[in-house]
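The values are calculated or read from the model by the stated rules, or taken from the named source; none is laboratory data. Quick caveat: nothing in here was measured; it's all calculated off a predicted structure. No Cβ is skipped: glycine too gets one built from the backbone with ideal geometry, and neighbour counts run over all protein chains shown. Each accessible area value is taken on the protein alone, full model and side chains, heavy atoms only, with ligands, DNA and RNA left out. Shrake-Rupley method; radii C 1.70, N 1.55, O 1.52, S 1.80 Å.
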Amino acid sequence: MNFPLLNISEKKWNSEDLTDYILFDKFIYTDRESIFYELYKNKLFIDCNGLIYRAIEKAELTEKWRNWFRFIPNIWKREVLFTMTNENWTVDQLRNYLLERISDLKPDEHTEKWKSDLKNAKNHSELINGR
């Protein structure tokens, strides 16, 4: 799995929640079940190689010191466990998915630049990470 991952389960993006669609690592930094179920559970994610994974559950990390210092931000976290779907998308499939989602957002100079960057991207990583 090559991070970051992009959530490809959403049919429409909300401009207020754009950062919720990308995972920079395999951890969730909250214990709230509602967040896990809303943003991760059974959602499909594509990695920077075009491989598709499903988030299936979260696992508690085993280091005891994390519980002692859980009040410090980013010390307490859980690992999101994924399973391979044996599916993948081509660069063009991912590009089209992203262009469709961005087209649903309010048009402005940033979305237009984003679209332009997507059209010029050469691989999955450039589509997800930008240039």
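Some points to look at:
- Scan of segment 93-107 for residues that are open to solvent by 70 Å² or more (accessible area, probe 1.4 Å) and part of a loop (DSSP other than H, G, I, E, B), ordered by number: Asp104, Lys106, Pro107
- Residues that are modelled with pLDDT under 95 and among the aliphatic types (A, V, I, L, M), drawn from segment 103-119: Leu105
So that you can scan it fast, the table gives a plain yes or no per residue for (1) closer than 24 Å to Asn86 by Cβ; (2) polar (S, T, N, Q); (3) in contact (Cβ under 8 Å) with a residue 60 or more places away in the chain:
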| site | (1), (2), (3) |
| --- | --- |
| Met1 | yes, no, yes |
| Pro4 | yes, no, yes |
| Lys11 | yes, no, no |
| Leu18 | no, no, no |
| Ile22 | yes, no, yes |
| Phe27 | no, no, no |
| Ile35 | no, no, no |
| Leu39 | yes, no, no |
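- Considering only residues in segment 108-131 that are open to solvent by less than 30 Å² (accessible area, probe 1.4 Å) and in a helix (DSSP H, G or I), the one that is farthest from Phe3 (Cα to Cα) turns out to be Thr111.
- Segment 38-47: number of residues that are part of a loop (DSSP other than H, G, I, E, B) and open to solvent by 40 Å² or more (accessible area, probe 1.4 Å): 3
- Among (1) within 16 Å of the chain's Cα centre (by Cα); (2) open to solvent by 40 Å² or more (accessible area, probe 1.4 Å); (3) at pLDDT 95 or above, the one test that Thr90 misses: (1)
One line per residue, one yes/no per condition, for (1) open to solvent by 70 Å² or more (accessible area, probe 1.4 Å); (2) of a type in the set (D, E, K, R); (3) assigned to a strand (DSSP E or B); (4) farther than 19 Å from Gln93 by Cα:
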site: Asn2; (1), (2), (3), (4): no, no, no, no
site: Glu10; (1), (2), (3), (4): no, yes, no, no
site: Trp13; (1), (2), (3), (4): no, no, no, no
site: Asp17; (1), (2), (3), (4): no, yes, no, yes
site: Asp25; (1), (2), (3), (4): no, yes, no, yes
site: Phe36; (1), (2), (3), (4): no, no, no, yes
site: Asn49; (1), (2), (3), (4): yes, no, no, no
site: Arg54; (1), (2), (3), (4): yes, yes, yes, no
